[in-house]
Amino acid sequence: MGWQGQSVLAVVPARGGSKGIPGKNLRTMGGRSLIAHAAELCRSVPWIDRAVISTDDVNIAAEAVAHGLEAPFRRP
């Protein structure tokens, strides 16, 4: 269980409509998407019990799930 007996939830925010760099969350860096990098980081932290993605984009949600994050909802 989490950190010092607490349950720890990691929330990865990932908007679909970036204005600065369109599609940035699905772009690759070092051969993996930014979502894949975030998922790997969440898995590497031993005290994170659950990691979810908060997104409005179905493609980002699918990428997150493919890399082990939960996508329990779509935000508006």
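The single condition among (1) closer than 29 Å to Gly5 by Cα; (2) modelled with pLDDT of 95 or more; (3) surrounded by fewer than 15 Cβ atoms within 10 Å (Cβ to Cβ) that Pro46 does not meet is (2). Scanning the range 49-74 for residues that are within 18 Å of Gly17 (Cα to Cα), open to solvent by 20 Å² or more (accessible area, probe 1.4 Å), of a type outside the set (S, T, N, Q) and not in a strand (DSSP E or B) turns up Asp56, Asp57, Val58, Ala62, Glu63, Ala71, Phe73. Sub-8 Å Cβ pairs linking a first residue in the range 57-75 that is in contact (Cβ under 8 Å) with a residue 24 or more places away in the chain to a second residue that is basic (Lys, Arg) and not in a strand (DSSP E or B), at least 6 apart or interchain, are Asp57/Arg15; Gly68/Arg43, ordered by first then second residue. Do the conditions hold for Ser33, that is, is it touching a Pro at 6+ places or on another chain (Cβ under 6 Å) and either surrounded by 14 or more Cβ atoms within 10 Å (Cβ to Cβ) or of a type in the set (Asp, Glu) (or both)? Spelling it out, it is not the case that Ser33 is touching a Pro at 6+ places or on another chain (Cβ under 6 Å) and either surrounded by 14 or more Cβ atoms within 10 Å (Cβ to Cβ) or of a type in the set (Asp, Glu) (or both).
The values are calculated or read from the model by the stated rules, or taken from the named source; none is laboratory data. Since this is a predicted model, take the numbers as computed values, not measurements. Counting neighbours? That spans all protein chains shown, and the Cβs are built from the backbone with ideal geometry, glycine included. These area figures cover heavy atoms from the full protein model, side chains too; ligands, DNA and RNA do not enter into them. Shrake-Rupley method; radii C 1.70, N 1.55, O 1.52, S 1.80 Å.
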